[in-house]
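Chemist: Here it is, the structure in full.
The values are calculated or read from the model by the stated rules, or taken from the named source; none is laboratory data. What you are looking at is a predicted structure, and each value in this text was computed from that prediction instead of being measured. For neighbour counting, all protein chains shown are included, and Cβ atoms are generated from backbone atoms with ideal geometry for every residue, glycine included.
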Amino acid sequence: MQLIKDKQVIQDSWIYILDETPLDADYIIVPLVRWQQERDQLSKIKHLGLRLEADVILEDIVDDLSHFQLVELFIPVFTDGRAFTHARLLRSRYGFTGDIRVSGDFMRDQVFYLNRVGVSSFELNDQDNAQQVIQSMDDFSVDSQESVA
Amino acid sequence: MYQYNDKDQTLIDERVIQFRDQTERFLKGEIAEDKYRALRLMNGVYIQTHAPLLRVAGPYGLLSSKQLRKLASIARDYDKGFCHFTTRQNIQFNWPALERVPDILEELASVQMHAIQTSGNCLRNTTTDQLAGVAVDELEDPRPYCEIIRQWTIFHPEFAYLPRKFKIAVSGSEQDRAAIRFHDIGLQLVKNDQGETGFQVFVGGGLGRTPIIGQVIRPFLEKKHLLSYLEAILRVYNLYGRRDNKYKARIKILVREAGLAEVRQKVEAEWALIQDKLELSAERISDIQAQFTPPEYQANAAQDTSHAENIATNTDFATWIKHNTAEHKTDGYRAVYISLKAPDSPPGDCTHTQLDAIADMADQYSFGMIRSTHRQNLVLADVKQADLFAVWQKLDTLKCATPNIGKATDMICCPGLDYCGLANAGSIGVAQEINDMLDSIDYVHDLGDLKINISGCMNGCAHQSVGHIGILGVDKKGVEWYQVTLGGSSENDAAIGDRLGPAVSKEDITPTIKILLDVYIEQRLNEEESFLATVRRVGVAPFKEKTYATH
């Protein structure tokens, strides 16, 4: 799948592994439930990512963040703005320095905000307009609040 | 008045470009309807019965004469020659074409105006007292704090997609003229025991389907913590506000369901983590305050004797002074209400010729500034007494001098079925009928302070639930009916009105109001006892009895 990372279009090397699927890839993203159930085994994986749903309580996983190179915030519907807070807190409060990725139902017109709250990669729903999505990250050249990058 | 710096101007200019692109993409079919809906709403564009409605932001109700002239020219060039002032001090155009909205935004940007976040599930325009800076009962001018909040809210990256809309109001006076107890957050400037000025913070108030009075979440907040405390509340709301049902998504429902204690505990815990990072420096506050310094008042304004003579010799003028002007901090000055409630025009509407003329009057008599009010009128806040007679005469020729501010015909009214896609019933027509019934101004004055609020549907845009008399239009099998409430108030004595009884039919609504007024005249202890005080003393029962006895 195509991906925008740090404002570049790249090929996605990460694989999302569902609850029951065997772990046979180099770059693996797991759901929170699986991490909680198979923590010991998963800790040995070199390139591990964690996918969080919009209703996650961040405080429950912040102690585990050092195990992950990537946190994926899944947006169920574009009007659900919880991921904006989650990204910001992961970056500025919990010091997560890995990749913060958004996936799901977000739109081009939101990437300016997402970029400002610390999201570093964007899973593309629509492969055709990647350049426009990158452009929209700079819809505004000024702002009135602090950004986390 | 706050003047945009380069950053403010760049931001709204870039917004015009962005919204133009979004609208073009939508018209080409590149953005889905539901997605564009969210985007256009965050720019104040609704799709209405006849045409899109564009809601323009009026930051804390303060407008310059230049801005008013721009509104007039937009009304002429893009609309049908008028605009409408809303209960949140904003300005609405009812007839623009969608494809021309970006051009309107460009025109607005040329006078430091925009339509950003005037609708949608985001941080909305911050409102305040129309007498800010001039009120005699004011502790401190609230507008600098409104401006600080305005800057913080505009395109806040974390809070652009909230569970539901979010409204903040600030009051600096003892008398609450900004309905702060009916906002998601209400801020009241107060002094603590040490004599320091800060904010009393209310949370969880709101009108609409489920009217709730806001509660005090923090009795005293130091000024320097204003933004960090707001951010803490918003973060808790963004994470915990309900997203499963839009009718239960406002923060008032979170406060009601979780309880104030739990919300407070969450907010305070969050605040503890961020208060040092978002501290407002004294310098920053004074920089903004410097943009709201009082105008250069004439020191000898009070020495004028013509004003007293005019009052003594002209009863119409004296009546207007009594009802449509307010005391001013500075001797020899008064604040003048421009009534947008003439008997024959829809409440809150203003034509382009009126707008232009009011702009000229503002330049000549009131330092070039105009305010819009929560009750859909306008104010010239700084008129010296020697000019009041001329101002009255000019307003009279504009049909803006009806001496009815705060009286029965100063109704708050939503656009209703005439314009709005959500409405169940007409409201402008009802206001018109009530006006016709109250055709004697002496009778209106005899009725004293009386707030009648009329909404055409449950969403309650005209705040019917806090009207002394509230009228709510409902649809019963395709027929318009009206529910009546009594005893509401949006001021310090905040209350939700009590239901009078079963809804009345369209033909009975005006006769019902007449009955209520007759019962009041009959029941009041004396002429000093207001309608609201009488309702609170005798209850709804005598009103109910008379109303339904005749039906």
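Chemist: For the stretch B:194-235, how many residues meet the condition of being without any contact (Cβ under 8 Å) to a residue 12 or more places away in the chain and within 18 Å of B:Glu270 (Cα to Cα)? Don't jump to the end; show me each part of the working.
Modeler: Pass one, the stretch B:194-235, residues without any contact (Cβ under 8 Å) to a residue 12 or more places away in the chain: B:194-195.
Subset that is within 18 Å of B:Glu270 (Cα to Cα): none.
Residues meeting the conditions: 0.
Chemist: Before we move on, is B:Asp77 more than 25 Å from B:Tyr161 (Cα to Cα), among the acidic types (Asp, Glu) and more than 22 Å from the chain's Cα centre (by Cα)?
Modeler: In short, yes.
Chemist: Follow-up question, since we're still on this one. From (1) in contact with a His (Cβ under 9 Å, 6 or more places away or on another chain); (2) modelled with pLDDT under 95, pick out the condition that doesn't hold for B:Asp344.
Modeler: Tallying (1) in contact with a His (Cβ under 9 Å, 6 or more places away or on another chain); (2) modelled with pLDDT under 95, B:Asp344 fails exactly one: (1).
Chemist: Another question about this same structure. Looking at (1) within 11 Å of chain B (Cβ to nearest Cβ); (2) farther than 20 Å from A:Asp6 by Cβ; (3) crowded, with 17+ Cβ neighbours inside 10 Å, which one does A:Ile61 not meet, given that it meets all the others?
Modeler: (1)
Chemist: Counting just the residues of the stretch A:134-149 that are more than 10 Å from chain B (Cβ to nearest Cβ) and part of a loop (DSSP other than H, G, I, E, B), which one comes out farthest from the chain's Cα centre (by Cα)?
Modeler: In this case the residue turns out to be A:Met137.
Chemist: Sticking with this structure for a sec: Assess whether B:Gly426 counts as being at pLDDT below 95, within 19 Å of B:Ser345 (Cα to Cα), in contact with a strand residue (DSSP E or B) (Cβ under 9 Å, 6 or more places away or on another chain) and not assigned by TED's automatic domain parsing to the domain that holds B:Ile47.
Modeler: yes
Chemist: Output the number of residues of the stretch B:97-126 satisfying the condition of being more than 18 Å from B:Gln67 (Cα to Cα), among the charged types (D, E, K, R) and not in a loop (DSSP other than H, G, I, E, B).
Modeler: Total satisfying the criteria: 2.
Chemist: Would you pick out the residues in the stretch B:53-83 that are more than 20 Å from B:Asp8 (Cα to Cα), of a type outside the set (D, E, K, R) and not in a helix (DSSP H, G or I)?
Modeler: B:Leu53, B:Leu54, B:Gly81, B:Phe82, B:Cys83
Chemist: Of the residues that make up the stretch B:82-95, is at least one over 25 Å from the mean Cα position of the chain (by Cα) and closer than 30 Å to B:Ala178 by Cβ?
Modeler: No, there is no match, as no residue in the stretch B:82-95 is over 25 Å from the mean Cα position of the chain (by Cα) and closer than 30 Å to B:Ala178 by Cβ.
Chemist: Could you please find all residues in the stretch B:168-212 being hydroxyl-bearing (Ser, Thr, Tyr) and crowded, with 24+ Cβ neighbours inside 10 Å? Give the derivation first.
Modeler: Going through the stretch B:168-212, the residues hydroxyl-bearing (Ser, Thr, Tyr) turn out to be B:171, B:173, B:197, B:210.
Selection gives B:Ser171 alone.
Chemist: If B:Ile74 satisfies every condition in (1) modelled with pLDDT of 95 or more; (2) surrounded by fewer than 17 Cβ atoms within 10 Å (Cβ to Cβ); (3) away from chain A (no Cβ under 14 Å) but one, which is the exception?
Modeler: (2)
Chemist: Right, something else. Determine whether B:Pro157 is out of contact with any strand residue (DSSP E or B) (no Cβ under 8 Å at 6 or more places or on another chain), of a type outside the set (Asp, Glu) and within 14 Å of another protein chain (Cβ to nearest Cβ).
Modeler: Taking the combined requirement at face value, the residue satisfies it.
Chemist: Of all residues being among the hydrophobic types (A, V, I, L, M, F, W, C) and surrounded by fewer than 17 Cβ atoms within 10 Å (Cβ to Cβ) in the stretch B:2-51, which is farthest from the other protein chains (Cβ to nearest Cβ)? Just the residue, please. Before the answer, list the steps.
Modeler: First, pick out the residues of the stretch B:2-51 that are among the hydrophobic types (A, V, I, L, M, F, W, C): B:11-12, B:16-17, B:19, B:26-27, B:31-32, B:38-39, B:41-42, B:45, B:47, B:51.
Okay, now just the ones that are also surrounded by fewer than 17 Cβ atoms within 10 Å (Cβ to Cβ), so B:17, B:27, B:32, B:47.
On the way: B:Ile17: 8, B:Leu27: 15, B:Ala32: 9, B:Ile47: 18 Å.
So the residue we want is B:Ile47.
Chemist: Mind checking whether some residue in the stretch B:87-106 is within 14 Å of chain A (Cβ to nearest Cβ) and either surrounded by fewer than 24 Cβ atoms within 10 Å (Cβ to Cβ) or among the small types (Gly, Ala, Ser) (or both)?
Modeler: Within the stretch B:87-106, the subset within 14 Å of chain A (Cβ to nearest Cβ) is none.
No, the stretch B:87-106 contains no residue that is within 14 Å of chain A (Cβ to nearest Cβ) and either surrounded by fewer than 24 Cβ atoms within 10 Å (Cβ to Cβ) or among the small types (Gly, Ala, Ser) (or both).
Chemist: Can you go through B:Asp356, B:Asp331 and tell me which one is out of contact with any Pro (no Cβ under 7 Å at 6 or more places or on another chain) and assigned to a helix (DSSP H, G or I)?
Modeler: Details: B:Asp331 fails: assigned to a helix (DSSP H, G or I).
Testing whether each residue is out of contact with any Pro (no Cβ under 7 Å at 6 or more places or on another chain) and assigned to a helix (DSSP H, G or I) leaves just B:Asp356.
Chemist: Sort through B:Glu231, B:Glu270, B:Glu279, B:Glu262 and tell me the only one that's away from chain A (no Cβ under 13 Å), at negative phi and of a type outside the set (Phe, Trp, Tyr).
Modeler: After applying the criteria, what remains is B:Glu262.
Chemist: Going through the stretch A:107-133 one residue at a time, which ones are modelled with pLDDT under 95, within 12 Å of another protein chain (Cβ to nearest Cβ) and part of a loop (DSSP other than H, G, I, E, B)?
Modeler: Within the stretch A:107-133, A:Met107, A:Asn125, A:Asp126 qualify.
Chemist: Turning to a different aspect of this structure: Looking at (1) at pLDDT below 95; (2) within 14 Å of another protein chain (Cβ to nearest Cβ), which is the only condition B:Leu207 fails?
Modeler: If we test B:Leu207 against (1) at pLDDT below 95; (2) within 14 Å of another protein chain (Cβ to nearest Cβ), just (2) comes out false.
Chemist: Suppose we filter B:Asp410, B:Asp418, B:Asp396, B:Asp446 for residues that are at pLDDT 95 or above, closer than 27 Å to B:Ile358 by Cβ and surrounded by fewer than 22 Cβ atoms within 10 Å (Cβ to Cβ); which single one remains?
Modeler: Just a single option satisfies the conditions, and that option is B:Asp396.
Chemist: On to the next question. Which pairs have Cβ atoms under 6 Å, sit 6 or more apart or on different chains, and link a residue in the stretch B:158-169 that is outside any strand (DSSP E or B) to one that is hydroxyl-bearing (Ser, Thr, Tyr) and modelled with pLDDT of 95 or more?
Modeler: B:Glu158/A:Thr85; B:Ala160/A:Tyr113; B:Tyr161/A:Thr79
Chemist: Let me confirm something: among B:Arg242, B:Arg218, B:Arg235, B:Arg256, which residue is outside any strand (DSSP E or B), basic (Lys, Arg) and within 26 Å of B:Tyr60 (Cα to Cα)?
Modeler: B:Arg235 is the lone residue from the list that is outside any strand (DSSP E or B), basic (Lys, Arg) and within 26 Å of B:Tyr60 (Cα to Cα).
Chemist: Right, another one. Is it true that A:Asp80 is surrounded by 16 or more Cβ atoms within 10 Å (Cβ to Cβ), closer than 30 Å to B:Asp6 by Cβ, of a type in the set (Asp, Glu) and facing chain B (nearest Cβ under 9 Å)?
Modeler: Numbers: surrounded by 16 or more Cβ atoms within 10 Å (Cβ to Cβ): yes; closer than 30 Å to B:Asp6 by Cβ: no; of a type in the set (Asp, Glu): yes; facing chain B (nearest Cβ under 9 Å): yes.
So A:Asp80 fails the test.
Chemist: If we keep just the residues of the stretch A:84-105 that are in a helix (DSSP H, G or I) and facing chain B (nearest Cβ under 9 Å), which is modelled with the lowest pLDDT?
Modeler: Of the residues in the stretch A:84-105, the ones in a helix (DSSP H, G or I) are A:84-92.
Filter again for facing chain B (nearest Cβ under 9 Å), leaving A:84-89, A:92.
On the way: A:Phe84: 98, A:Thr85: 98, A:His86: 98, A:Ala87: 98, A:Arg88: 97, A:Leu89: 97, A:Ser92: 94.
Step by step, filter the stretch A:84-105, then rank; the result is A:Ser92.
Chemist: Continuing with the same structure: Can you tell me which of B:Val504, B:Val540, B:Val535 is touching a Lys or Arg at 6+ places or on another chain (Cβ under 8 Å) and surrounded by 18 or more Cβ atoms within 10 Å (Cβ to Cβ)?
Modeler: Result: B:Val540 is the single residue among B:Val504, B:Val540, B:Val535 that is touching a Lys or Arg at 6+ places or on another chain (Cβ under 8 Å) and surrounded by 18 or more Cβ atoms within 10 Å (Cβ to Cβ).
Chemist: Of the conditions (1) in a strand (DSSP E or B); (2) surrounded by fewer than 23 Cβ atoms within 10 Å (Cβ to Cβ); (3) touching a Leu at 6+ places or on another chain (Cβ under 7 Å), B:Ser228 fails just one. Which one is it?
Modeler: If we test B:Ser228 against (1) in a strand (DSSP E or B); (2) surrounded by fewer than 23 Cβ atoms within 10 Å (Cβ to Cβ); (3) touching a Leu at 6+ places or on another chain (Cβ under 7 Å), just (1) comes out false.
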